[in-house]
1. Place a +1 charge on the Cβ of each Lys and Arg in the chain and a -1 charge on the Cβ of each Asp and Glu, then give the dipole magnitude about the Cα centre in debye, rounded to the nearest 20.
2. Using only Cα atoms, locate the centre of region 264-341 and the centre of region 186-203, then give the distance between them in Å, rounded to an integer.
3. Within region 243-341, report the chymotrypsin sites (Phe, Trp or Tyr not before Pro) that DSSP leaves as loop and that have at most 12 other Cβ atoms within 10 Å.
4. Could you give me the ³J(HN,Hα) list for region 141-150, computed from phi with Karplus coefficients 6.51, -1.76, 1.60 and θ = phi - 60°, whole Hz, x at Gly and Pro?
5. May I ask which residue of GLY263, TRP277, TYR298 lies farthest towards the positive end of the charge dipole of region 244-322, with charges of +1 (Lys, Arg) and -1 (Asp, Glu) on Cβ and the Cα centre as origin?
6. Tell me, what % of the accessible area of region 141-217 is carbon and sulfur with a 1.4 angstrom probe?
7. Can you give me the accessible area per residue for region 57-183, using a 1.4 Å probe, in Å²?
8. Please work out how many pairs of lysine residues in the chain are eight or more positions apart (or on different chains) and have Cα atoms closer than 29 angstrom.
Amino acid sequence: MRRRTLLGAGAATVALVMTEAGAADAADTGRKASPTRYLGVFRDANPTAIASEVDALYGVTPASVMWFDSWGSGQAFPVEQARTLWRRGIMPHYTWEPWNVSLGAADPAQIHLADIIAGDWDDYIVARAKEFAAVRSPILVRWGHEFNGNWYPWGIANNDADPSRYVRAYRHVHDLVERAGARNVQWVWAFNNGSSPAEPYNDPAGAYPGDAYVDWVGIDGYNWGFGPSWDPAGDHWTTFDATFATAYATARAIAPCRPVMLGEFASTEDGGDKGRWLRDMDTTLRSGAYPDLKLVTYFDVIKEEPWSPTSSPAALAAFTDWVNRRYMNGRGHELARIAGR
């Protein structure tokens, strides 16, 4: 996550929160059931460690864990770790970034969409595809996310403002992976909740590869709060609804037959009440709003902002309460069936 425009409390606190969550769920008995949601988490650790850390911190097993890798690293896909996750009932979620992180987005030596289309990276793609196939169980692959921002080299703004170039690159990667036998991949097409720049060419709809190439529509968005690095004097505190309602409507308009996920989301502490933000989000999701939003992946790190739920006792309490709700109890093997693959 590169951005732009847009410690822990004790065991007694967690136990209290979990009790409160159970009581709230009991109070909901007899009401219309909330749609099942699935918890995803990203932490700065290897895939199997993420799952263990989430269990230790919040008392739950996530339905999926997400990690990142860039093409420039040349690293193999961690087949055995992905298999281990699946055996634990957790769906692997791999964010696959087509760039060299040691180079700037505008560096002439950077990976460009034109290079991908021309086949310069075919050997690398096929090698990873064979590793995907070797897992022999479902995995989520989120390739080239946030393409409607200007902070990644694969962004439309950095490729002659031509969304068709992104579509051709996405389809090229997809087709190579499929031909290599990785039919277990569920493809995530993920846009940022706001385009930067907000120009007609940067409308996510113009970069949609088509239903034949997409299993999930993903949305990334954050409550940046007051004074983020890209606007030190600005107040960008927004509610969960203000962060995602418009983007969700966009996702439904572009691909109404595909399930929706939040590929990345979180709230800062700066400029508001993070605990209240999380509780309001919980209320919204329990209400049945966003019915096609199935997987919500929390960005559990302290990076540009204190995103992690461990950033304050109040945030930890609210987050632990939320993830222990009955409606958040969706499991990874169930998650894998939602897209019908």
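1. Details: 32 positive and 40 negative charges, 269 e Å.
Charge dipole, the chain, about its Cα centre: 1300 debye, nearest 20.
2. Here the two parts' Cα centres lie 22 Å apart.
3. On the way: sites: PHE244, TYR248, PHE265, TRP277, TYR298, PHE299, TRP307, PHE319, TRP322, TYR327; in loops: TRP307.
Taking region 243-341 and a limit of 12 other Cβ atoms within 10 Å, no loop chymotrypsin sites (Phe, Trp or Tyr not before Pro) are found.
4. With coefficients 6.51, -1.76 and 1.60, one gets 10, 9, 9, x, 5, 6, 5, 8, x, 10 Hz.
5. So the residue furthest toward the plus end is GLY263.
6. Values: 1040 of 2320 Å².
The nonpolar share, carbon plus sulfur, comes to 45 percent.
7. Details: 4550 Å² over 127 residues.
Computed with neighbouring chains in place, this is 36 Å² per residue.
8. Numbers: LYS32/LYS274; LYS32/LYS294; LYS130/LYS294; LYS274/LYS294; LYS274/LYS303; LYS294/LYS303.
Taking the Cα cut-off of 29 Å, the pair count is 6.
The values are calculated or read from the model by the stated rules, or taken from the named source; none is laboratory data. Quantities reported herein were computed from a predicted structural model and do not represent experimental measurements. For neighbour counting, all protein chains shown are included, and Cβ atoms are generated from backbone atoms with ideal geometry for every residue, glycine included. Ligands, DNA and RNA are stripped out before the accessible areas are found, and what is left, the full protein with its side chains, is counted by its heavy atoms. Shrake-Rupley method; radii C 1.70, N 1.55, O 1.52, S 1.80 Å.
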